[in-house]
Structures are given as structure tokens and as C-alpha cells.
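The structure under discussion is supplied below as C-alpha cells; questions concerning it will follow.
The values are calculated or read from the model by the stated rules, or taken from the named source; none is laboratory data. Model, not experiment: these values are computed from the prediction. Here the Cβ positions follow ideal geometry from the backbone for every residue, glycine too, while neighbour counts run over all protein chains shown. Side chains are part of the model used for accessible areas, which takes the heavy atoms of the whole protein and leaves out ligands, DNA and RNA. Shrake-Rupley method; radii C 1.70, N 1.55, O 1.52, S 1.80 Å.
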Amino acid sequence: MCIRDRFLREGKCKYSYPSYVGFLSDYISSNSEGFDSELEKLKEFYDECPGVEDKDFEILIVKRTRDTRTEHAYPSFLLFRELTREERCSFNIETKFRDKLLLPPSVRYSHTKAIINNTFKNNYLNVNDLKLPVTVELKNFHELSREGIAVGLEEPLLRFDPIEEDLSIEPSSLFYKGVYDASSNTRPFNAIKPYVILSTTIKDKLVQLIDWLANGKTYIDHQGREKTEFVGLNHRWSKFNCRFVIPEEHEYFYADKEEDFLENASTIVNQWNHDNERIVLVVLPESLYENEDEEEERYGKYAKPFSLYYKLKKMFVENGIPCQMIDESTLGRVDKYVLQNLLVNIYSKMGGRPWSLHSPLGDVNAFIGIGFGLSPTSTNKHIYIGVANIFDSHGEWLDICSDYMDITEKERESFYSYEAFTERSASYKLSEEMTKRITEESLKRFKDTNPQIGYPRNVVIHKNGKLYECEIKGIMEALRNLVQRGAEFEKIGLLSIIKEHNYRLFGNEDSFERGNNVVKDMPPKRGAVYFLDKDEALLCTTGKFYSKRSEKMKLIYSGLGTPRPLLLRNHEINPEGYGLPGLQLYPFIELVKQVLGLSKIHWGSLRTDIHLPVTSLYSHKVARVISKSGIERIHRPAAKRPWFL
């Protein structure tokens, strides 16, 4: 296929082409014959495009466009050289990407001011032949705070082992404060006993990794003294109150080809005896490893919907077996942080609760995060999935429910709309009937999990993306049906959580730590809120924040580029119009504070600044995995564990 044909995709703009780092490696390989001529043809082709801004051997910058409808959002660059996984994370590529596309806040702010000054110079705006007078005011956060349209929220505190008095804002504190449920009699396990599926060539590395998880990892300092880098579960200093059992030889299953992995997984399923202390560790070679983030990021709409990763995920989830996938390349870069994140993921997938919010989020009894996924077009099946995750007043994940519906190709087309650029992003609309079913089922699951409370009186529902009127009708109909069966609802909050928009917030210039360096820039502070109007606000869940480093409080910002705040939209409904006249609505500011708190309770990462609240994040993850794996049922024991982390 000639290079021009590759780029002439359906739509209005023939220069538009969806791509991510490494995507073009399938089409243009630097090792292939004729690569140089192909590259020159490509550059020549883009010379005709008015959107080209800059180009060099590796990266060509083109303007972002959405003229061509596709399942994936368009990036702003193309890469012409095949990259390994290590190269994609290398400083060179990262620096080029950041410098060309992820503008640091100070640079973006400078460009923005220049555009404003140029657009509104002489205090008027030219519109056709008219000169409209304009007054431009640039106000800082403190001025906006005095006007009541901006507030700064305090960082939510986390609680770990209840016996410990100290609190912290950082999830990683659990390694010296203890996990939240270390002394709980409701934790479903007291030991972790893995089965392992792996290639024979990497057994030694995997055995070493397991030994570190069990017994800890040490290093020799510059004075020749042995120091502890990571405290394993069996170490006397461990705060988990849980053992890691070293697998015996018969618990290792060896595989080199895809069919071997599937056959071994089937053997484990057949041997499964519903032991709550069991988990399956699968080490996949890079050639076979494609997870929900990496595969979609690399290949866009061409991602293989039923890759080995998803085939294994489907097999284990449908049989109620927790599993942890590990990329083989991870074994070559194991450090303290890799071990900590891996252990927390394993612990959480088995039903453990590593940490919790110190204080309940107001008087809310239950949070529900709803989402949506479409089956991949390449499967030739048109199924859409509604998902609801249920959380308690401290933001702790409780349960999940989902619903499915077959749709026609014409109905599938109707789901595409201007605010939904990514298929399987949980940002589409659900039908009224499906929303009603998953809302009603979620509230029943909450009642079953909390018999002492029963149905929650106060409920807040989040949607990852725009919450549509048909969905609101479905939610309210579910509440009305349950009221007729004896439930009593007092308060409700309905919130759209939108991450794709064009707003940016900037902070004052500060010095802060990034890794081992101190840099100056002006990202906003995490927790900053700017009200666009009475029912819309921007909330910074990423940005700079204060944290303890070497026994001192220091300003930290670990992000690249300018943070994108969340756009929160409150839905002020008239409950009486839905047959619930006594139902009250939560104030918008309370809903905003809850979102910040819920961004701290993601058990799949030790980061302090998670972008999405778990209500949105988990629904997004579940909808994507279900739609890409073809999972048809979620075994109840698995549903009681966050298998999607």
C-alpha cells in the first residue's frame, strides 16, 4: 500500500491520521527496506498540509483535528521510527514529546497571554467590519477567591492501620503505618499463595521477584553496609499482617506460545477450589503482552480486542479467580517502587483494603459511578455494556454490577457524538432502561453488603462524561421503584465528570521538586476550584501539592506539561417532577469536595495526585476491559474484589 493511500482515511481532512507513540512501527519500520524513501514520501505528503508546524526525523507535529470520525482521539504528532518499550520511556523521546507538545505551564501561560494581547489589542475585537470594545482582566487566584468564584480545598487525609494514630496524605505511607484492614476479621485472606504462569527462560528472575515480595530487598550503601530497600510481607518489619507463600515447583506452569498460556490457565481453573488465599501471577513476554492501557495507546482503533491479555482476563474473571499480569520487561527494572505498586495491586485484587479516607465524605451513604462500553467493531458484534461501581461513605469500593444489550449497527452509529471521541471510554450515553436497571441493582447490592444500614438514604451518582436526560430519568425511576418497596431516600447528587475540554488553570510561579531536581514553574495547586457558573466548576485533581520529604514539607509536582482540571457539572433536577417530592439535592460545593476525596482512594496506584475520582476511573476501566475481552459474566466472588485494577 502506498504511503498516500495509508493516510487517505474516511472523513473531511485527508491529512488526519490517528497515531500514538510507536503506532507507525507496524506500517513503517526503520529496519524495513525502503524506509528512507517511505519517510521522504510521508514528509512530502505532509508538506501540503497547512497544519504542519515542525518536523524532524523522529517526530512530525501536526495540528490536532477531529474532522474525521474515529474511535480514537487524534494526537498531535506522528512518530516515524520503530521504538522498543524502553525507548518509548526514554529521556530523549520523553523530552522531545514534552518540549514539542506538553508545554510546561509557564510556557503555555506565556503563549496564552500573547494570544490574548494580540487578539484584543487596542481594547477592541474586529468582527467582520465592526470594532467591538473589549476589556481584558487577568486576575490571580487570590483575587478570584475574594470574589467568591474560586476556592482552595484542603488535601484529604488518609487512614491506614486503625491502631496507628498518625494520618497522611500519601498512599505510600501504608508501608510504615500498616494497611487499613491489617487487624480486620473481614479480610478474606491471611496469606497470599500464588500460582505462576511464565516462560522457562525467565524463571530465575521471577523467583527473585517473588523472594523480594516475600522476604524483602536489600542493597549495600556507599559505606558497605546492608540497608533495607523494600520490606517483604514475611519480614519482621512488615505492616501487612499477612504472609507471602513461596510457590512450590508444581505451582509453576511454563509456557512460550499463546496456546500454552491458555492451556495452563485452563488447568488452573479446573484445579481451583475457591481458596481465598490464591492468586494467579502471569508473566507475559513483550511480544504477547498487551494491556488495556498500553495496547490502546499504541495501536488506537487497531488494538486487538481479544489479545492474550484479554483472553486470560476473561477466563479468570468469569471463574472468580484473581490474577495479576506482569510484563516480562518489568523483571529487568525491579526497584522499591515497582515492588510496592505490585504488592498493593496483588493485595487489593485479593480483596484487601490498603487505606481509607480518614473522615466520611459528608453524610453520603453510597457513591455510584456509572459508565458505558462498546464492543470493538472488529468483533462484528454490536453489544453495549452499562457498568456501575458502588462505594461507601469513605470511598471504599464495595461491589460492581453490569448490564448488556445487543444493538444494531445503526443504533451503534447513534452513540457517536461531539463529546465522545474514544470508543470504550465510558463516556457515551446509556439507555433509560439500562440506567434504571444498573442503578436499582447497585442500590440492592449496597443493601446486601450493609444489612445494618439497608438501602442508602443519601446517594451521589457520578457519570464519566456527560450525564444525559435519559440517564437521569432512569436513575430517578430506579429510586421511585425502590421507594415503593420500602426504601427511604433523603438526598441525592448527580454529577457529570468531564475530562475532555479546553480549559486550563495556572498557579503562581513556585520552586518545587520533580524527582531529584528542583524546578520553577506555575502549575495550579491540587484542590484549586474555579466556578464557571453556579452549576459548573473546574477542579484541579493534579498539580503541585505539599508532601513530606526527608522529614520536611516540600512542594511537589510530578506531572509533565500543564495539568488539565476536571470539568464538573451539577444537575439540578426537580425531584417532584420525578415523583419524589421530599428528595433534597446536595449543594454543588459539597459534590466538588467529594470528588477530590474520591481521587485519593484508588487502590491500584500509590500516586498522590490521581486525575479521576474512583467512581469515574473504575467505571472507565471496567467498561473498557469488558468490552475488549468479551467477558459475559462476572463470577460473584470476583465481583467482590476489584479484579479490574
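Classify region 129-203 as rounded, prolate or oblate from the Cα gyration tensor: take a ≥ b ≥ c as the square roots of its eigenvalues, call it rounded if a/c is under 1.5, otherwise prolate when a/b beats b/c and oblate if not.
oblate
Quick one: dipole size for region 541-597, taken about the Cα centre, charges +1 on Lys/Arg Cβ and -1 on Asp/Glu Cβ, in debye to the nearest 20.
About 640 debye.
On a 1.4 Å probe surface of the protein chains, which of SER199, SER145 comes out largest in accessible area, and what is the full order?
SER145, SER199
Moving to a separate point now. I need the shape label for region 502-645. Rule: rounded when a/c is under 1.5, else prolate if a/b > b/c, else oblate, with a, b, c from the alpha carbon gyration tensor.
oblate
Now for a separate question. So, counting K/R as plus one and D/E as minus one, what does the shell of residues with Cβ under 11 Å around SER616 add up to?
Values: positive: LYS463, LYS499, LYS621; negative: none.
Value of the local net charge: +3.
With a/c under 1.5 counting as rounded, go ahead and sort region 312-351 into rounded, prolate or oblate using the C-alpha gyration tensor (a ≥ b ≥ c being the square roots of the eigenvalues; past the cut-off, prolate if a/b is larger than b/c, else oblate).
It comes out oblate by the Cα gyration axes.
Would you list LYS463, LYS121 from the most to the least accessible area, probe 1.4 Å?
LYS121, LYS463
In a shell of Cβ-Cβ distance under 15 Å around GLU440, excluding GLU440 itself, what net charge do Lys and Arg (+1) and Asp and Glu (-1) give? Display every interim value, and only then the final one.
Values: positive: LYS436, ARG437, LYS444, ARG445, LYS447, LYS473, ARG480, ARG485; negative: ASP399, ASP403, GLU432, GLU433, GLU441, ASP448, GLU471, GLU477.
With Lys, Arg at +1 and Asp, Glu at -1, the neighbours total 0.
At most 12 other Cβ atoms within 10 Å and a DSSP loop assignment: could you name the GluC sites (Glu not before Pro) in region 152-247 that fit? Walk me through the intermediate numbers first.
Working: sites: GLU154, GLU164, GLU165, GLU226, GLU229; in loops: GLU154, GLU164, GLU165.
For GluC sites (Glu not before Pro) across region 152-247 that sit outside H, G, I, E and B with at most 12 neighbouring Cβ atoms in 10 Å, the list reads GLU154, GLU165.
Additional query: Give, as a single signed number, the net charge of other residues whose beta carbon lies under 15 Å from the beta carbon of VAL207, with Lys and Arg counted +1 and Asp and Glu -1.
Charge balance in the 15 Å sphere: -3.
A follow-up question, please. Scan region 241-290 for trypsin sites (Lys or Arg not before Pro) in coil per DSSP, keeping those whose Cβ has at most 16 other Cβ atoms within 10 Å, and list them by number.
Listed in order of number, the matching sites are LYS257.
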